[in-house]
Amino acid sequence: MIEVTARLPRGHVFLSGEVVECHITFTHPPSPNRTVSQSHADAFESLAWASAQIHCLCFTDSKVYKEDESNNHLTNAGTALGVVLKDNGKVEITTKPKILFCDLKLSPGQSKTYVYKEQIPSDSPPSYRGQLVKYSYKITVGTQRVSSPVKLLRVPIRVLPLCEAFLTEAVALCNDTTEELTPANPFLEIRQKERPLELALQSLQNITARRNPNFYMITNTWGKVTRFCLFKPAYKLGEDIIGTFDFTVATVSCMQVSVSLQCEEETIIDEDKNTKQVRNVTFSKHHEVCLGYKYTQLILPIPLHVTPAFSTKLVSLKWRLHFEFVTSTHKELSGPSSEDTEWQAPSEVRIETMVWSLPIRLYSTTPIHVAQGVHTNTIQKLTIR
């Protein structure tokens, strides 16, 4: 018996273009029933070969446009590991398989560990579980005994999108041909050149950390409802969306306000007929009764498990804040004056509901931050008997 253990030392979350690292250990556990009379050859366990590669699988609804498989540019070598898919699934991206070993022999109690490293293509889609389209990633480890079927161990990983503009800018900085003068002082430390991925993360941090308050005057046919302030237009996963409502400028009473964080999924149903389907999904919501308020604030958390904005041939994802205002022009809602000795709230109020959507930009964050907030098993095991 041989036990195969795959472990992700840096967590299960990665950015597109990042290098995935997986430690794969093959162990021959000692048998308690082993007798001394066994021969030296019988004590060994052997495997003919083992390899590993990354698969990106795409699953679509039955009504979604199916791309011609002949136009699907994949890297399929003769030693590639097979993937069993359903009728509505296909392999979107696969990396070249890497051989871990050939003809491995293990004595009882012995184990050997191999480090598998592979870069995720920068143009690959992110992990996504949508309404009509789903993308999922797995590290597939395959191994085989002589004259035995191939055994597969699949390790799920999550891939976050990284804006192509960030990577392009980072690569341009890394390829800068400006020559730097060699320091004459031997005690000065020579700074290592930063990688494109690190520069892209720095650009992402700069954009999402920049405060740029924008004010929006919300009005309907009867007048001003409120003035809304959003402190910045770009956010990362795990951040809070913070804004304020100013009702002192209102000429129309606002009874309650609701704000939802929504993603807008646009799926191509038929490419030839240019048929699309749009679905909105709500992830977090803020609701408040604000009648009589002068000011109030909005704090809306962004979950770590959602997927930032991205676009592929099949689906595009955008994010927005969806507002619902309940307003009224009822005169008695203004409340009692200083001269009134008695005041009673109206039993019935005629209301109007108005909606408004504000697009926002949602980006990825550091993979370690997501992995700490979304716990999952980073160790997968397989037993070969």
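List every residue whose amide H lies under 5 Å from the amide H of Gln119, counting only residues 5 or more places away in sequence or on a different chain, with H placed 1.01 Å from N in the peptide plane.
Val20
Can you list the residues, at least 5 places off or on another chain, whose amide H is less than 5 Å from the amide H of Leu237, using H built in the peptide plane?
Tyr363, Thr365
Kindly write out, for the stretch 345-355 in residue order, the coupling ³J(HN,Hα) from the Karplus curve 6.51 cos²θ - 1.76 cosθ + 1.60 (θ = phi - 60°), rounded to whole Hz, with x marking Gly and Pro.
5, x, 6, 9, 9, 7, 10, 9, 10, 10, 10
Using θ = phi - 60° and the Karplus relation 6.51 cos²θ - 1.76 cosθ + 1.60, list the HN-Hα couplings for the stretch 277-294 in order, rounded to whole Hz, with x at every Gly or Pro.
10, 10, 10, 10, 10, 9, 10, 8, 9, 10, 10, 8, 7, 10, 5, x, 7, 8
Sorted by packing (mean other beta-carbon atoms within 10 Å per residue), highest first, where do 217-224, 346-353 land?
Ranking, from highest mean packing down: 217-224, 346-353.
Read-outs throughout are calculated quantities, based only on the coordinates presented, and are distinct from any laboratory measurement. If you're wondering where the values come from, they're calculated on a predicted model, not measured in any experiment. Positions of Cβ are generated from backbone atoms using ideal geometry, with glycine treated the same way; all protein chains shown enter the neighbour counts.
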